[in-house]
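For reference, the structure is listed below as structure tokens.
Coordinate-derived values only; no laboratory data. Predicted model, so just to flag it, every value in this text is computed and none were measured. Here the Cβ positions follow ideal geometry from the backbone for every residue, glycine too, while neighbour counts run over all protein chains shown.
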Amino acid sequence: MYYYQTDLRADGAIGALGADIDVGKDNVPGSGSDNALHQHMTTFTLGLGVSGSLKYPDALQNLTQGAQSWPVAQADSPTAIDDLWHAAVNGRGTYYSAQKADDLVSGLSNALAGVSARTGAAASAATSTLEPVAGDNQLFIALYRTVKWDGDLQAKTINPTTGEVSNTVVWSAQAQLDQKIATTSDTRTIYTYDADASNKLKAFSWAALDDDEKALFMNKCTDNLLSQCPDLADDDARTKVDEGETLVNFLRGQNGNEDQSGNTDLLYRDREHVLGDMVGAQPVYVKKPTFPYLDTNYAAFRDVTQVNRAATVYAAANDGMLHAFDATTGAERWAYIPPMVLPNLYKLVDKNYASKHQYYVDGSPSVGDICPNAPTTTCQASEWKTILVGGLNKGGKGYYALDITNPASPKALWNFTDVDDEDMGLSYGNPIITKRADGTWVVALTSGYNNTSGDGKGHLYLLNANTGQLLLKLDTTAGSSGTPSGLAKINGWVDTLNDNTVKRFYGGDLLGNVWRFDTDNLVLPDGAEATKLAELGNVGSVGIQPITTRPLLSEIETGGTRYAVVTVGTGKYLGDSDRNDKSQQSIYAIKDKLTDAGYGRLRQDTSFVQQTLTTNKAGTEREGSDNPVDWNTNSGWYVDLNPNNESPGERINVDMQQQLGILAAAGNVPEQNACTVGGYAWLYFFDFRTGSFLESDGTVGQRLMGNSLVAGLRILKLDNGKTITLVTDTSGKSTPQSNPETGAGGTVARRISWQELIVD
């Protein structure tokens, strides 16, 4: 325990990187049960097949939970072996018992992998409600582990009065799923797409796949596509891989052909768990419908037909599947493999997958209710549908849609990929399920990143929500195949939550452009078009400021006049190449004059008010200026992050949140030297009308404790009427932060969007 508990390098230690670099920070990333932040030793031990007095590994759970005591170690007795095991447990490592040479190799390999494996989160947690109360206060966090590249979805509870998240894991989807698999069988329900089936689904099994689909999993050794093929024991082993059936069984979770002790055919990589890593996708909780729509028969659909719908959490993972988990128990109801990821699934079995990780189904799914008959006829209560639409992020170029009205019996609806439109790129967008002016229910999608096979411009697509038919495609004027625009996250303007009819869409791209999309000819000029509202950055020392997060929409009324306002943050962190980017990033609130003229380079327009940040001496808080913003004469406001170059690289790369007059934003600052990991973040609360402070002492920001970036924000209303912002960081921890009280003023504002709202 001594070397685990002792800090091996004190804070402030100076290394070879220079006097200004602290290489002693207590910022060691956690892994499994090893969550100490200080520099320490993690102990892995190896016993050469000799048994102690305790049964290995059966006694491990009782020992670690205190239900059983360790024996007193004595020399030259079996208890000495127990003590070797005990040292590994205390040192937060692993004990390996190697009875033969293969076990020795496997143990050493796993120990080395365990040193570098880290558990984390990269997306916001989901909650069962925005207003937690006893009995309805669940939180769901998606996790991933590097090197091993497995994942977990964990359920916890939120204290309805304090917002604190319990450390107790109510259920683990990983643990539940591991119970469904065996060496040569499993009890899972896994679907893939079948255009000819009545529900457009079929089982993902060797027997159900057609010849073209089977070919995707065959001849991987003949074609030399797997690292292990040259090292397999004999031609029979390579033939089994080439035949494809065992590979499909591996993807279903069966482990009888994995490279682990006890198996005869060591064909595929060894997995500790079946569930794949969940990196970019936020889970979504679905129970009874909750929208306040006044459409014909929707209330009956919501309050009668579907009032007792079983709660389900939908989570996308890089095992190639969207998973549906019972929200009460964590049991997997079913999983769905979108057809566009099938061709690359074989890579999951590669023995060197630790260094060859792939993304598959990595996009956050969106869920909404639609009337498929509209606008031709109305829907009966039984005809309304709840649909789910998801993208792939870095996993591919396309979107998939499912009917999840009955969570026990899903139906596939449609797919939309780069095969349907060559301008579709990596699908990093957030699908919006909404309604057009003519009453047609649609899904709005964007062309995403790296659409270099097409024209590289930004594109907005409107698809029939039920059939997937392309109804409209709007193009921006920015981007080329050499420098693609990168249009991803969007938001839709609706006038009332009772009628989910979108008037227009807004989005930003990697070239720093803010766009308005008029899909129904409601704004000048005539026709459907994309209008550039503003160019962010590209003025003086401020370079182009990319936008990778969802715009926020609000309506501000002052002096009896109402103005549409679009709020965006800038910055990107899409890959390791972005880590060292120190470019100036900002937050902007922009008035849309609803004309065909934009602002050009916004920072050159003097009608925008600049607010400033000042950091206190302790470096823990930031105050904001209070420059007046008159929406009758001003066009908006902006504030630059990283004041006085105190947090170089600070950026907005997770979605901001806006509720009850508060604009909550996280400024992430990735670490930029090789001897430190993670980073840190600033949490800001602005008055979204002015960009100024809400706290009476002028504070707008606080530096969050720890060595993690922020993965997501979520504003919740507690049972005492107060609001908090739940901050999920990249270590997988969710922490409540108190929101400032919102004051009254002469400017009235309301939030405009299709997402959930807290009702004041």
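May I ask you to order 156-164, 609-617 by the average number of other C-beta atoms within 10 Å around their residues, highest value first? Could you put the intermediate results ahead of the total?
On the way: 156-164: 17.8, 609-617: 15.8.
Peptide ranking by packing, descending: 156-164, 609-617.
Among Thr377, Gly253, Pro431, flag the residue with its Cα farthest along the positive direction of the charge dipole of the range 121-488, charges on Cβ as +1 for Lys/Arg and -1 for Asp/Glu.
So the residue we want is Thr377.
Checking the table Lys385/Lys572; Lys394/Lys717; Lys582/Lys722; Lys288/Lys591; Lys202/Lys733; Lys287/Lys435 against a 26 Å threshold on Cα-Cα, which pairs fail?
On the way: Lys385/Lys572 36 Å; Lys394/Lys717 34 Å; Lys582/Lys722 36 Å; Lys288/Lys591 37 Å; Lys202/Lys733 38 Å; Lys287/Lys435 22 Å.
From the list (Lys385/Lys572; Lys394/Lys717; Lys582/Lys722; Lys288/Lys591; Lys202/Lys733; Lys287/Lys435), the Cα-Cα distance tops 26 Å for Lys385/Lys572; Lys394/Lys717; Lys582/Lys722; Lys288/Lys591; Lys202/Lys733.
Using Stokes-Einstein with the Kirkwood hydrodynamic radius over Cα pairs, what translational diffusion coefficient do you get for the range 497-633 at 4 °C and a viscosity of 1.567 mPa s, in µm²/s rounded to a whole number?
77
Between Val609 and residues 5 or more places away or on another chain, which pairs have amide H atoms under 5 Å apart, with H built 1.01 Å from N, and which residues are they?
Result for Val609 returns Ser635, Gly636, Trp637, Tyr638.
List the relative contact order of the range 184-286 as a percent without decimals, with contacts defined as Cα pairs under 8 Å and 6+ residues apart. It would help to have the intermediate numbers written out before the result.
Values: 103 pairs, mean separation 22.5, N = 103.
So the answer I get is 22 percent.
May I ask you to list the aspartates and glutamates whose Cα is less than 13 Å away from that of Lys148, ignoring any residue fewer than eight positions away on the same chain?
List returned: Asp270, Glu272, Asp277, Asp319, Asp350.
In whole percent, what relative contact order does the range 121-488 give with Cα contacts below 8 Å and a gap of six or more residues? Present the calculation step by step, with values, prior to reporting the outcome.
Details: 910 pairs, mean separation 46.4, N = 368.
It comes to 13 percent, rounded to a whole number.
Out of all Cα-Cα pairs in the chain, roughly what percent, to the nearest whole number, are more than 37 Å apart?
Numbers: 126063 of 288420 pairs.
Roughly 44 percent, once rounded to a whole number.
Please work out the Kirkwood hydrodynamic radius for the range 365-460, using every pair of different C-alpha atoms, and report it in angstroms with one decimal place. Please list the in-between numbers first.
On the way: mean 1/r = 0.0705 Å⁻¹.
About 14.2 Å, per the Kirkwood formula over Cα pairs.
Rounded to the nearest 500, what is the chain's calculated 222 nm mean residue ellipticity when only DSSP H runs of at least 4 contribute -39500 (n - 2.57) each, over all residues?
Numbers: 8 runs with 65 residues, N = 760.
Taking each H run of at least 4 residues, the total per residue is -2500 deg cm²/dmol.
For a quick check of your reading of the filter: which GluC sites (Glu not before Pro) in the range 588-695 sit in a DSSP loop and have no more than 12 other Cβ atoms within 10 Å? Don't jump to the answer; show the numbers that get you there.
Details: sites: Glu621, Glu623, Glu646, Glu650, Glu671, Glu695; in loops: Glu646, Glu650, Glu671, Glu695.
Here no GluC sites (Glu not before Pro) fit, given the DSSP loop and packing criteria.
Got a sec? Charge dipole of the chain, +1 on Cβ for Lys and Arg, -1 for Asp and Glu; which of Pro365, Gln68, Gln737 is way out at the positive end?
Positive-end residue among those listed: Gln737.
Give the Rg (one decimal place) followed by the Dmax (whole number) of the range 121-488, computed from C-alpha coordinates and expressed in Å.
Rg, Dmax (Cα atoms, Å): 21.2, 67.
May I ask you to sort Ile490, Ile370 by Cβ crowding, counting other Cβ atoms within 10 Å and putting the fewest first? Walk me through the numbers before you get to the answer.
Working: Ile490 22, Ile370 26.
Placing the least packed residue first, the sequence is Ile490, Ile370.
Normalised by the residues of the chain, what does the relative contact order come to in percent, with Cα pairs under 8 Å and at least six apart?
Numbers: 1943 pairs, mean separation 68.9, N = 760.
It rounds to 9 percent for the chain.
Using modelled amide H (1.01 Å from N, peptide plane; none on Pro or chain starts), what sits under 5 Å from the amide H of Leu726, excluding residues fewer than 5 places away?
When sequence neighbours closer than 5 places are left aside, the close amide H contacts are Arg714, Ile715, Leu716, Gln737.
What FRET efficiency would be calculated for the residue pair Gln380, Lys180, taking the C-beta separation as r and a Förster radius of 30 Å, to the nearest 0.05?
On the way: r = 37 Å, r/R0 = 1.24.
Once rounded, the FRET efficiency stands at 0.20.
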